Structures are given as structure tokens and as C-alpha cells.
Amino acid sequence: DPMPRVVAAAADVDNPLLGRHGAAAVFGPQKGADDATVAELDAALAVFAGALAAALGADVRDEQGAGAAGGMGAALLALGARRVSGAGLVRELVGLDAALDGLAGDGAGLAVTGEGSFDWQSLRGKLVTTVAQAAADRGVPCLVLAGQVSVGRREAAAAGVDAAYSVADDAGGVEASMADPEGTLAALAARVAAQWSR
């Protein structure tokens, strides 16, 4: 008999699928959804949850992580996946600890990480704070480059982040940064690199 495969749902959010802590309510506004759109998305996700329950016999709408990736977490959980820390999995797969040990050893290292929005959710075990804490544990400074930054300096420092930079602020607004995401991120990275290499 072939060995059964175990699917891992790598997620760093513990949101359920529906409701005020669900995928639509929490992540919709980050993507530009207004209240009416959030309600419409939540209703559509309820239909999705019903379809999953009918097809697979698994009602996962209230499970932690079901709201990850717009409801992809619910689909994976309904298929029998086990939820694992996405940040922990990436940390292991890319050899983050060994890389940071090397940076700490040469005394001139700098860790740079980022995400779309460095906000309160980032502080809840997402990859950016996993990198920052691992760097801080080794005395390696850590910078965050993000589309937008809404975490205060004290909160960032408590998470191990030495400085956080916003592409939108650097580009003159969200619209300008979204018009040329690659160019505006590269321009910010160049300015930050020049500042930190002094």
C-alpha cells in the first residue's frame, strides 16, 4: 500500500473563514473592500463553506486558519490538511538560521525582509517578524521594506525590527507605488542600502 500523503496548510493567520474575524472582514479592507463589498464577500464565503461541507463532509468554517489566503485555508483543511506555521516552514526550508549565523559571524551583516503591509497582523508570527526575531537573537540588525507601514517604531523594535520603510511613502502615495511596484520598491531599496552602508 502506498504511504498516505499529508498535506500541510502553511498559514500564519488563525482567522476563521466567516464573521467579524473572518477572511472578508479582516483582509478585505486591506485590499480596498468597503463595508458592502466585505458583506458580499462574507456571504460568498458562506456559500463556499456550505459547498465544502456538502462535498467533503467537513465543516471547517470556524477552524483556525480557515480564513487564510481568502479561504484557501478552508479548502485545504476540508481536504484533511494539517495547519503548520508558514513562517516556521519557510524558515526551515530556506535555512534562515544558518544564513543569520553567517551574518552574525562576520559582524557586518544586515537582514532585510518585507511584505505588502507591515501592520498589527505582521506582529502575530508572520514571516517578517520571524526573520526579525531570529536576527535580533543573533545581534544582526533587521530592516523591513513594505508597501505600507502602520506599525510604530516601539512596536517594531519590540519585534526585533531596527527600521521599517514604506514604498508608498517613498513613492508619494499608494497610487504612485502601485503604478510601478517594481520600480518604486527598487528605488526605495537603493536609498535604504545607501543609508545603511555608511
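Quick look at the values:
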quantity: Test: residue in the range 69-82 that is touching a Gly at 6+ places or on another chain (Cβ under 6 Å) and modelled with pLDDT under 90; calculated: no
quantity: Breaking point among (1) out of contact with any Phe, Trp or Tyr (no Cβ under 9 Å at 6 or more places or on another chain); (2) among the hydrophobic types (A, V, I, L, M, F, W, C); (3) within 30 Å of VAL26 (Cα to Cα), for ALA99; calculated: (3)
quantity: Residue list for the range 153-169, restricted to those being open to solvent by 60 Å² or more (accessible area, probe 1.4 Å) and more than 19 Å from GLN133 (Cα to Cα); calculated: ASP169
quantity: Enumerated helices (runs of 4 or more DSSP H) restricted to the range 28-139, each holding at least 3 residues that are without any contact (Cβ under 8 Å) to a residue 12 or more places away in the chain and open to solvent by 40 Å² or more (accessible area, probe 1.4 Å); calculated: 35-56, 96-106
quantity: Within the range 1-27, tally of residues that are among the acidic types (Asp, Glu) and either within 24 Å of PHE118 (Cα to Cα) or open to solvent by less than 40 Å² (accessible area, probe 1.4 Å) (or both); calculated: 2
quantity: From the options VAL144, VAL112, VAL128, residue that is closer than 29 Å to GLY32 by Cα and at pLDDT 95 or above; calculated: VAL144
quantity: Test for SER177: is it at pLDDT below 95, open to solvent by 60 Å² or more (accessible area, probe 1.4 Å) and farther than 13 Å from GLU115 by Cβ; calculated: no
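The values are calculated or read from the model by the stated rules, or taken from the named source; none is laboratory data. In this text, all values refer to a predicted model and were calculated from it rather than measured experimentally. Methodologically, a virtual Cβ is constructed for each residue, glycine included, from the backbone with ideal geometry; neighbour enumeration extends over all protein chains shown. We work out accessible area using only protein heavy atoms, side chains counted, and drop any ligands, DNA or RNA first. Shrake-Rupley method; radii C 1.70, N 1.55, O 1.52, S 1.80 Å.
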